[in-house]
Amino acid sequence: MEARAAAAPTYVRRESAPRRAWAWLKKRALNIYAGFAIAYLLIPIAVIIAFSFNNPAGKYNFTWEGFTLKHWADVFSLPDSWYMPGSPAPSANDPSSCRFASETRSVDRNHSGPDQYFGADSPSRRN
């Protein structure tokens, strides 16, 4: 039996740390970008939700004064200022008693001009 000579260990060159970091970033860049975009969109909503539980000392709600549930006490009730002054409360079966119905009708009645209607049936396109 012949003794085999021990082979010299082969070294595998490992990529440098910056190259590995760049490869990791390229593989996950879209996910990271999407995460930042979603956070950018959702953080303002979270702030609004958080400040809805604030108890402001005055008219403005810029600083946190304390926790309260008074704004959420009657979530599904309508305030008195929702109705137009001098008009009765709106009926569920009467769409014209909407808060802005009279304003909308007056705007439609007073509007005139070539841009009154849009689309294929507009008077300005019938030429």
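The values are calculated or read from the model by the stated rules, or taken from the named source; none is laboratory data. Since we're looking at a predicted model, the values are computed, not measured. In this analysis, Cβ positions are derived from the backbone assuming ideal geometry, glycine residues included, and neighbour counts consider all displayed protein chains.
Considering 56, 79, which residue is surrounded by 10 or more Cβ atoms within 10 Å (Cβ to Cβ) and either at pLDDT 60 or above or in contact with a Ser or Thr (Cβ under 8 Å, 6 or more places away or on another chain) (or both)?
Just one listed residue meets the conditions, 56.
Answer with yes or no whether residue 8 is modelled with pLDDT under 95 and assigned to a loop (DSSP other than H, G, I, E, B).
Yes: the conditions hold for residue 8.
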